[in-house]
Amino acid sequence: MNYIKRLELFILQWCIALTVLAQITVFPWPAHLTEKKEIFILTPNINIKGNGEYADKLAQDLCQDLKNLSFLNIKIPEKRSIEFRLNTQSDFEKEAYSLKIDTEKILLEASSKEGLFYAKETLWQMIKQRKGKLAVCHIKDYPQYQWRGFMLDESRHFFGKEKVKQYLDLMASLKLNVFHWHLTDETGWRIEIKRYPKLTTEGSIGNWHNPQAPAKYYTQKDIREIVAYAADRNIMVIPEFDMPGHATAVCRAYPEVSGGGEGRWKHFTFHPCKEETFRFISNVLDELIDLFPSPYIHIGGDEVHFGNQSWFTDPNIQRFIKENNLINETGLEHYFIRRVVDIVASKGKTAIGWDEIVDAGVSPSKVIVMWWRHDRKYQLLKALEYGYRVIMTPRRPFYGDFIQYASHKIGRQWSGYNTLETVYDYPSSINYLMRGYEKQVMGMQFSMWTERIANEKRLDFMTFPRLIALAEAAWTLETRKECTSFLQRLPIFLQWLDEKGIYYFNPFQPSSTPEPDAPDKEDVLKNG
Ligand code: ACM
């Protein structure tokens, strides 16, 4: 009986080998891949093992995942195995891995937990894609960039724990490793801070479309749960506490630290020179640091001029500028940034700021710059020349609130929009600027601002498939990137999104995925 089963398996392997070959479609595309004209058919009672604590955990996770697969139906006594091997002495780079599929064995190897985790993610994609019929191959893989990020703005609209976890799962499968969480802005404050309860009882009320919407925020327990969930998937969570501008929600709740605002941007800024402001910020940072183990805290620093008009007329602020030789309100803004960067540094963390902070005179050892103003390439160049480390998230093509297709009407356009292809091809168009500074460029990020994204359907539609393109642009070596090949493979990932009930934009059949309704008629065709 066993002999007949084995013969069956052998014949099946050969029949399938011909169809499986040359059809490996892994996301993101790996650095090296060699394949043979043979296949490995996975069976339900295959031996899965690790060589130590973390490797054992991944082995058990895979066992668990396989239990849910209906297509593993050839039941034979198994000698073959899947082995996870973590060897810290081996010479793999951080995050690098090897996945070797032979006829008798699958071996996953790395010198770091991150690498072994990614080896499993790659194997899992192959198992799902070919229903357990795997091409015999050897993948040796490592990333182009160390920072492969996704930013979600939950101040303008709040999506909640389950949606965030779903995105963390998808990020892990795409080997994205940073979740930048924009939790504070003018619309709402979204994180419980025990020392300042009004931040949530008052600051969390409202969203972009309805200033009276019930308070929505994450409790500290929720935050710990999500940070742990992300860490399990090799994702670092970076909170953003935006200041001195975009601080409306805080200053609404605690007017004593408000530096005023203007018109629609009421209470937009922190008071830039009261000691009470810096004490408040320091206390909030203490709680954030306790919740987020990442070495970085994002302090914003963008667009202060939107609402700092009262700085120009407040006699105390004007006196402070004079007494401290700060010259003008911009000098004061830079003073504020330097103070906050120093507070962050004194707590053992590194600040990240939007690209305005390049002009604040902060030491490059204390801050990382997020370049967002695509129309100010000189700001990127200045950051690099001054010696800052830089993360690239230029509005064009990496802001997800820009439309992605010519006939779409809801979202931003600015001398064009952000197609899947423009995301994929980045940063080839600015490589000339980065020449000689490559070591300072940490990576890239897709950033999703949610003023015009009021529900999950629109969030999914604006995120996918562009996030898949960003993931490959950030992971895959430039010499291995090829948009045509990406587009050929893409339907496989879209099928997984279908299985998860995610409403993505289908670039191959645009009319099959119409643009979800605008949350508000005001949202149609906003430019800028
Ligand atoms: C930004 O888009 N204001 C960073």
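Taking 1.567 mPa s as the viscosity and 4 °C as the temperature, the Stokes-Einstein diffusion coefficient of region 438-528 based on its alpha-carbon Kirkwood radius rounds to 86 µm²/s.
In order along region 105-120, the Karplus-derived 3J(HN,Hα) couplings, from 6.51 cos²θ - 1.76 cosθ + 1.60 at θ = phi - 60°, round to 7, 10, 10, 10, 9, 6, 9, 9, 4, 4, x, 5, 4, 5, 4, 5 Hz, and Gly and Pro are given as x.
Remark on G300: its backbone amide H falls under 5 Å from those of F241, M243, W354, a criterion applied only to residues 5 or more positions apart or on other chains, H modelled at 1.01 Å from N. The eigenvalues of the Cα gyration tensor, multiplied by 5 and square-rooted, give region 240-387 an equivalent ellipsoid with semi-axes of 23, 19, 15 Å from largest to smallest.
Would you mind telling me the antiparallel percentage of the DSSP bridges in the chain, rounded to 5? Show your work: numbers first, answer last.
Working: 20 of 65 bridges.
Close to 30 percent.
Per-residue 3J(HN,Hα) values for region 474-485, derived from phi via the Karplus relation 6.51 cos²θ - 1.76 cosθ + 1.60 with θ = phi - 60°, read 7, 8, 7, 4, 4, 5, 9, 7, 7, 4, 4, 5 Hz in sequence order (x marks Gly and Pro).
Taking amide hydrogens as placed 1.01 Å from N in the peptide plane, the amide H of L477 sits under 5 Å from those of Q144, each at least 5 positions away in sequence or on another chain. Relative to the current alpha-carbon distance between N455 and Y54, full extension at 0.36 nm per residue lengthens the span by 140.6 nm.
On full extension of the chain, what length is gained from A213 through N325, given 0.36 nm per residue of separation minus the C-alpha to C-alpha distance?
Values: separation 112, 0.36 × 112 = 40.32 nm, distance 4.39 nm.
Result: 35.9 nm gained on full extension.
Along its principal axes, region 363-503 has C-alpha extents of 46, 34, 28 angstrom, given from the largest down. On the principal axes of its alpha carbon atoms, the chain extends 92, 52, 47 Å, with the longest extent given first.
The local environment of F312, defined by Cβ-Cβ distances under 14 Å, has a net charge of -2 under the rule Lys, Arg +1 and Asp, Glu -1.
For the residue pairs K100/K175; K79/K140; K175/K500; K163/K481, alpha carbon separations beyond 22 Å are given by K79/K140; K163/K481.
I'm a student and want to see the number: the projected area of the Cα convex hull of region 101-240, averaged over all directions, in nm².
Numbers: hull surface 42.6 nm².
The Cα convex hull of region 101-240, projected and averaged over all directions, gives 10.6 nm².
Label-to-label distance for K439 and K94 is 1.5 nm, based on points extended 7 Å past Cα in the beta-carbon direction. Based on Cα atoms of region 313-395, Rg over Rh with Rh as the Kirkwood radius reads 1.03. Amide H contacts of F402 (H built 1.01 Å from N, in plane; Pro and chain starts excluded): R412 sit under 5 Å, all sequence-distant by 5 or more or on other chains. The 3J(HN,Hα) values that the Karplus relation (6.51, -1.76, 1.60; θ = phi - 60°) gives for region 334-346 are, in residue order, 5, 4, 4, 4, 4, 4, 5, 4, 5, 4, 4, 4, 5 Hz. Gly and Pro appear as x.
A short reminder: the numbers here are calculations on the coordinates, not readings from a lab. Note that the coordinates shown come from a computational prediction; the quantities given were computed from them, not determined experimentally. Cβ sites come from the backbone with ideal geometry, for glycine too, and all protein chains shown count toward neighbours.
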